[in-house]
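Here is the structure we will look at.
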Amino acid sequence: MRKIVNALLPGRGDQYRGEVLFSEEKILAVGPHIEAPEAEVIDARGGLVVPGLVDVHVHLRDPGFTAKETIVTGTRAAAAGGFTTVCAMPNLNPFPDDADTVGPYLQRLKDEAVIPALPYACITKGERGEELVDFRALRERWGIRLFSDDGGRGIQDERILERALRAAAELDVILCFHCELLSLRPAGAFMFEGERSRQLGYTDQVPDADESAYVKMVCDLARRIPARVHICHVSAADSVKYIRDAKKAGARITAEASCHHLTLTEWDFKDSNDKMNPPLKSEADRQAVIAALLDGTIDFIASDHAPHTVQEKAKPLPEAPNGIVSSETSFPILYTRLVEREKRLSLNQLIELMSSKPAERFNLGRIGRLEPGCPADLAIFERGSFTIDPERFESKGRNTPYAGETVSLSCTQTISRGRTVYERRRG
C-alpha cells in the first residue's frame, strides 16, 4: 500500500487538505487523515492531487511515423501531463483498418505504452473515405469500440457517412469525426479566414463553414440515425449551435474542445507552431466554445496531441504540417488561463472535464475518479511558477505555441494502476 499525504484534494464545491491511500489495484480511502502506518508515504508537499486525467484524442504516430513520436514517448508525454489513459488516433502506417492489422497493433500498445492506451480503428479503409471497414469483425474479434475518420480528408461523401452511422448504430460503437468539408476549403489554405490572415496577406483562407457545415451534416444524420457520434476539437460558434440543437432533438452526440481553441485566437498566430486543424479562430468563437463547455453542449476537453519533427515545422507555412504537442501542457495551461486568470472555470470543473467526464461519455469504466474502489490512477501537481520549456518535453515533438509561457502548475508524479509511471526530473 502507498499513501499520499500533505495533498490538496478536489472536493464538492472546494478543495481540502487530505490524504489518499491506494494499492496496486485501486484507491482504498480518501479523506482528511487516514490511519495506515504500514503504507509507503508519498509527500505531495502541498501539491494538488487529481484523479488520473483521461485524453480521448492523441496521435502517437507509431507505427509508421516514429520520427515524430513513438508509443513509448507519446504515452510518457501523456503521463508527464497527468494523464493515465489515452485513446490513440489511427492515422498510422499500416492503418488499423482490418482485423489482421489491429491485432499486432493492440499487442504493441499493451507491451509498450507507459499508461493504458486504447486504439481507434479507421472508419474507412486506408482512411480514403470510400469503403467502410468491417465494423463487426473489429468489434467481435478485438473488442474495438472506437472508430475515427482522421487522416486529413475525412469522409466527404454524405452517402458513405450515412452508411457508417447505420452500421455503427447496429453495434453501438462510437464514430469520431474531425469535421472538415474540403469543398469549402481553398487549395493551400491553412489559416482562419479572418482579420489576422488578411493582415498577414494570406487570402482565400479557411472559412468558418469548413468545420460547421460538416458538423451540421453529421448532426442532421444523427437526428435520424441512433448512432453514437463524437465531434472532435470543436472550434466554431456555428458548430456549437448545431451540436446544441441536435442534442436537444435527442441525437446521441458528444463533443470535445481542445486547450488551444479554448485559450488562443487568430491573433496569437505567429508561425508554424500556431498552425493546426481546425485553425485558430476569432475571440467570439473562443468564447462560444467556452460557453458550450459550461452548459454541457461540449462534453469534455481533449488534447489533440499532434507531434511533428522540427524539420517538418520549419518548412514554409503552407507546407508545414498542422498540429501541436499538448499532452504535457494542456492541464497547466487551462488551469492558469481559464481558472486563475479568466475565472471561467473552477478547478473542480476543469478536473471533471479532463477526467471523469470523458471516461463517462466513452464508457471507459470508473477511471478518472478520486474515489474508493476506483483504479489507482492519480497525478500530483506542484503549485508555483513554472516556464514551459519544449526542450524538457518527454514527447519527441517540440511544436508548441506555449513555449516560454509561465504556468501555475507542474506535474511532479503520475501513478497508473498504483505504479509510479512518471516523476519530474529535478534541476
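The values are calculated or read from the model by the stated rules, or taken from the named source; none is laboratory data. Please read these numbers as outputs of a predicted model, since none were measured by experiment. Methodologically, a virtual Cβ is constructed for each residue, glycine included, from the backbone with ideal geometry; neighbour enumeration extends over all protein chains shown.
What the table below lists for this structure:
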read-out	value
The range 367-393, residues that are acidic (Asp, Glu) and surrounded by fewer than 20 Cβ atoms within 10 Å (Cβ to Cβ)	GLU371, GLU382, ASP389, GLU391
Hey, ALA284 in the same structural domain as GLU180 (by TED's automatic domain parsing) and within 21 Å of ARG196 (Cα to Cα) or not	yes
Residues that are more than 30 Å from ARG252 (Cα to Cα) and without any contact (Cβ under 8 Å) to a residue 60 or more places away in the chain, drawn from the range 363-389	GLY384, SER385, PHE386, THR387, ILE388, ASP389
Answer from GLY13, GLY103 - the residue that is surrounded by fewer than 17 Cβ atoms within 10 Å (Cβ to Cβ) and assigned by TED's automatic domain parsing to the domain that holds ILE301	GLY103
Strands (runs of 3 or more DSSP E) lying entirely in the range 342-427 (those with 1 or more residues that are small (Gly, Ala, Ser) and touching a Ser or Thr at 6+ places or on another chain (Cβ under 7 Å))	378-387, 406-416
Meets criteria (surrounded by fewer than 18 Cβ atoms within 10 Å (Cβ to Cβ), assigned by TED's automatic domain parsing to the domain that holds THR84 and without any contact (Cβ under 8 Å) to a residue 60 or more places away in the chain) for LYS343	yes
Test result for GLY64, over 20 Å from THR414 (Cα atoms) and at pLDDT 95 or above	yes
Selected residue (criterion: surrounded by the most Cβ atoms within 10 Å (Cβ to Cβ)) from residues of the range 398-424 that are in contact with a strand residue (DSSP E or B) (Cβ under 7 Å, 6 or more places away or on another chain) and small (Gly, Ala, Ser)	SER416
Unique residue being touching a Pro at 6+ places or on another chain (Cβ under 9 Å) and either modelled with pLDDT of 95 or more or more than 26 Å from SER326 (Cβ to Cβ) (or both) when the list is LEU132, LEU109	LEU109
Residue that is surrounded by the most Cβ atoms within 10 Å (Cβ to Cβ) [pool: residues in the range 63-81 that are closer than 11 Å to VAL421 by Cβ and of a type in the set (Gly, Ala, Ser)]	ALA78
Among the residues listed as ARG153, ARG139, the single one being closer than 18 Å to ASP98 by Cα, surrounded by fewer than 21 Cβ atoms within 10 Å (Cβ to Cβ), in the same structural domain as VAL234 (by TED's automatic domain parsing) and in contact with a helix residue (DSSP H, G or I) (Cβ under 9 Å, 6 or more places away or on another chain)	ARG139
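This table checks each residue for (1) under 22 Å from LYS357 (Cα atoms); (2) free of Cβ contacts under 8 Å to residues at least 40 places away in the same chain; (3) part of a loop (DSSP other than H, G, I, E, B); (4) out of contact with any strand residue (DSSP E or B) (no Cβ under 8 Å at 6 or more places or on another chain).
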site	(1), (2), (3), (4)
VAL240	yes, no, no, yes
ARG244	yes, no, no, yes
THR254	yes, no, no, no
TRP267	no, no, no, yes
PRO278	no, no, yes, no
LYS281	no, no, yes, no
ASP285	no, no, no, yes
